[in-house]
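Take a look at the structure below.
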Amino acid sequence: MNWLYGISITCFAASYLVAFCLELTRVFFRAPLRKYLINGVILAGFFAHTTYLVLQTQMQLAGTGLFMGSWSGWCFGAAWLLIVAYLWIRYRQPQTLSGLFVLPMVICLIGAGTWLGPELSFPSARARTVWNAVHGLSLLVGTATVILGFVFGTMYLLQSSRLKKKRPPSRLVRYPSLEWLQETSEMLLLVSTVLLGVGLLSGILVNVINQKIGRGVLPWNDPVIISSAILFVWLLISLLFNLVYRPARQGRKVAYLVLTSFLFLVVEFAIVLYAGHATREPELQGRGVTEAPAALCASQLPACREAG
Amino acid sequence: MILKIIGCSHHQSSVEVRERLAFNPQQTFRFLRKFYDAYPQSEVVLLSTCNRTELYAAGQSHDLMPSTEEMELFLADSCGVQHSEINDFLFEHANEQAVRHLFAVAASLDSMVIGEAQILSQVKQAYRQAADLNQPMPLTHHVFQAAIRVAKRVASETEIHVNRVSIPSIAVGVFARQIFERLDNKQILVIGAGKMADETLKYIQGEGGRDFVVVNRTREAAVRLAEKFNGRVADWDALSDQVQNADLIVSTTGASQPVVSLQMYQQIERGRLQRPLFVLDLAMPRDFEPSIGECLNVYLYTIDDLQQECDRNRNARVGEWPKAQKILDQETERFMRELSLRSKGPTIQRLKQQAQQIKDIELDRLMKRLGEVNPQQQKEIEASFHRIINKLLHPPLESLKDEAETGTTGLLDALKKLFQLGD
């Protein structure tokens, strides 16, 4: 089984890229065997991706005790969740061209993860707590949900526009129905709000606990906390608006809500990275800032960083 | 083996003529029974649809089956019409042409709407009805099974069946499906109660639609349509309320002015809470003012919008025609080759039997003349006689097989005469 350690980011990234190219050809011509080819390539990529994450986790747990202990791993984890969603969509709606929308997001996340690199890792002593794990995981899944919502919201707007303009339907591919896209977007809005809410609250709890045990805490006016709170409040307002005001559930309004949520998320992520959230030790009350820990896994993992 | 077809279809005759020659299942059964009584050594299948009535007859030879004229007279008599009234509208085919025609019909290449899939089940049904009479029908069995195979091959190897070509089926199966995931929980409003409404409702029902409300100026017509589809009737005066509640509207009135104006729609728009509304305005002139299509979450499609899609799909199907035709040609040729080979079977069998008989007689005479012969010698003599027969028959049998590839029967006829094998 040593060959499994040879699985690198390229393995699954290339698979997803090939799958995307094959999905693109669906727009231009029919090919009876293409469906099986796409399934094969995606499953191969998914296997490689899963194996990579599992081995990374095993090695990290053996060393630092962290599960996906860097922003890089976090991006790969989010990409993995999107692939799981994509496989489910292919099963439920095999005729639709969802791959053209989901796979680019997956590839972008893998690209971001590769670019960020494992150096931006989370300090192990601080990160290896239950509430930090809850904080990280809920934000990870919540992020993937927001991204999916963005994908479906975009598809809704495109399909709605096509139908309004009475464009002839393609014979080769089709969108999911507006009703399906709307209901799925609504569900994703609810799930992402709950998860990001849990993420925010658990983060606050972590800060409170750290304050009590005399560890460094984030000041309550930290940009990350403020932007996270704004994102959560926005999602909560969107959700309540959607639940209470019936016209909000219809048509393009849901799509606009999830699209805006995605934009908020992107801004939030930029602030998080800029502020070095989770990768720097926060200030102790009245003391100086501690140095960021060295990269945790670069030298330990054989396929940690892509060459070139 | 002979195969003949006579009949009429939408190519040669109007619907009035075809109506007079149409058979329902009970009438078909009686017809087939009567045909077998009159021509017991023939095989027969009757195909009757809204666009064609075709009588297929088969037999081992011309003597054992009716002539084309007799078939026409029989058909006319069974329908209670004079032969002279329908003579000009009937076509006839025999042998290879008949086979090709049947293959084209089963593969929906001869249909009014090329590629419509219903015809194959009708062909199967016609064959089954004939088979239920338990009469021997080896040739018709062979040719109808081949026709079904050809139809399946055309369906799988071409795209001639892909994409819908009728306006109601496109409206519901293509456009409604792009908006709604399911129709069983949608309220469907039908404005007008004519033929187009009826046809469209069939498709909606086929796609799962259940909750129908029919509105028509004439209440009786609305009631008839609603009863047919287990729907409800609403008064014409309640039209705006019904538009407010509907998810899908099919409008097919014969009104000369729009029955739903922009002003009316704007009054009820707020009450709709921006739910998506799919309007199929199949009327001419239009029932909905076009500006309603600009309203939020309203998808308004007219007959022109759907007709464009119809034409596009029809052209796409026609584009598949050469591929389908090639399959038809290949399968017809293959069938005729097989038929030719099968037809030579009895003659070859008789030739071999004749040769075997001669061999047995001469072998017996020789053994009696020779008297005491040890078993080994007897065996050698029998083997020699056997080899002689085989070597003599091999060249003519191979020539017959080669002739079967060409579909001709010259050698077969010569063989029958030379060896006095009979028919």
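Since every read-out is calculated from the coordinates, none of them should be taken as a lab result. Note that the coordinates shown come from a computational prediction; the quantities given were computed from them, not determined experimentally. Positions of Cβ are backbone-derived with ideal geometry, glycine not excepted, and every protein chain shown enters the neighbour counts.
Derived scalar couplings between HN and Hα for segment A:265-270 equal 5, 4, 4, 4, 5, 4 Hz in order, rounded to whole Hz, by the Karplus curve 6.51 cos²θ - 1.76 cosθ + 1.60 (θ = phi - 60°), x for Gly and Pro.
If a spin label sat at a point 7 angstrom from the Cα of residue B:228 along the line to its beta carbon, the backbone N atoms of segment B:1-22 nearer than 20 Å would be those of B:15-16, B:19. The alpha-carbon of residue B:124 sits under 22 angstrom from the alpha-carbons of these lysines, leaving out residues fewer than 8 places away in its chain: B:4, B:34, B:152. Above 16 Å, the calculated P(r) of segment B:245-365 contains 76 percent of its Cα-Cα pairs. Sequence-ordered 3J(HN,Hα) estimates for segment B:315-332 from the Karplus curve with 6.51, -1.76 and 1.60 and θ = phi - 60° stand at 4, 5, 5, 4, x, 7, 4, x, 5, 5, 5, 5, 4, 4, 4, 4, 5, 5 Hz, glycine and proline given as x.
For the Cα trace of segment B:1-57, dividing Rg by the Kirkwood Rh returns an Rg/Rh value of 1.00.
D for segment B:295-423, whole µm²/s, Stokes-Einstein with Kirkwood Rh over alpha-carbon pairs at 37 °C and 0.692 mPa s: what number? Using the Kirkwood radius from Cα pairs, D works out to 161 µm²/s.
Overall size of segment B:346-419 from C-alpha positions, given as principal axis extents largest first: 51, 19, 15 Å.
Any chance you could check the Cα centroid distance between segment B:258-284 and segment B:122-155 for me, in angstrom? With segment B:258-284 and segment B:122-155 each reduced to a Cα centre, they are spaced 50 Å. Value of Rg to Rh for segment A:1-81, rounded to two decimals, is 1.10; Kirkwood radius and Rg both from alpha-carbon coordinates. Rounded to the nearest 20, the Cβ-based charge dipole of segment B:37-164 about its Cα centre (Lys and Arg +1, Asp and Glu -1) stands at 800 debye.
Excluding residue B:293 itself, calculate the net charge of residues whose Cβ lies under 12 Å from the Cβ of residue B:293, where each Lys or Arg counts +1 and each Asp or Glu counts -1.
Details: positive: A:164, A:165, A:166, B:286; negative: B:281, B:289, B:294, B:305.
So the environment of residue B:293 carries a net charge of 0.
Taking the Cα centre of segment B:286-330 as reference, the dipole from Cβ charges on Lys and Arg (+1) and Asp and Glu (-1) amounts to some 400 debye.
The dipole here belongs to chain B: it is taken about the Cα centre, uses +1 on the Cβ of Lys and Arg and -1 on the Cβ of Asp and Glu, and is about 1260 debye.
In Å, the Kirkwood hydrodynamic radius of segment A:121-273 over pairs of distinct alpha carbons?
Final number for the Kirkwood radius of segment A:121-273 is 16.9 Å.
Counted over all Cα-Cα pairs of chain B, pairs farther apart than 38 Å make up 47 percent. The count of lysine pairs in segment B:281-423 whose Cα atoms are under 17 Å apart, excluding pairs fewer than 8 places apart on the same chain, comes to 14. Near residue A:70, the amide H atoms lying under 5 Å from its own belong to A:122; only residues 5 or more places off or on other chains count, and H is placed 1.01 Å from N.
Inverting the pair-averaged 1/r between distinct Cα atoms of segment B:1-125 gives 14.6 Å as its Kirkwood hydrodynamic radius. Looking at segment B:177-264, none of the chymotrypsin sites (Phe, Trp or Tyr not before Pro) sits in a DSSP loop with at most 16 other Cβ atoms within 10 Å of its own Cβ. Straight-line cross-link partners of residue B:202 among the lysines, defined as a Cα under 19 Å from its Cα and at least 8 positions apart when in the same chain: B:186, B:228. Pairwise Cα distances in segment B:113-243 exceed 19 Å in 63 percent of cases. Taking Cα atoms only, the orientation of helix B:375-406 departs from the longest principal axis of chain B by about 40 degrees. Using Cα atoms only, what is the angle between the long axis of helix B:138-157 and the major principal axis of chain B, expressed in degrees (0 to 90) to the nearest 10? On a 0 to 90 degree scale, this one is about 50. The calculated P(r) of segment B:172-236, using every Cα pair and 10 Å bins from 0, goes 24, 54, 21, 1 in percent.
Taking 0.36 nm per residue of separation and subtracting the Cα-Cα distance, full extension of the segment from residue B:145 to residue B:316 would add 58.7 nm. For a modelled paramagnetic label at residue B:241, 7 Å from Cα along Cα-to-Cβ, the residues of segment B:265-303 in reach, with backbone nitrogen under 19 Å, are B:265-273. Gain on full extension, evaluated as 0.36 nm per residue between residue B:67 and residue B:184 minus their Cα-Cα distance, stands at 36.7 nm. Taking max minus min of the alpha-carbon positions on each principal axis, the protein assembly as shown gives extents of 131, 90, 35 Å, largest first.
Projecting the Cα atoms of A:211, B:277, A:148 onto the dipole axis of the protein assembly as shown, where Lys and Arg carry +1 and Asp and Glu carry -1 at the beta carbon, places A:211 farthest toward the positive end. The residue among A:274, B:62, A:27 whose Cα reaches farthest toward the positive pole of the charge dipole of the protein assembly as shown, with charges on the beta-carbon of Lys, Arg, Asp and Glu, is A:274.
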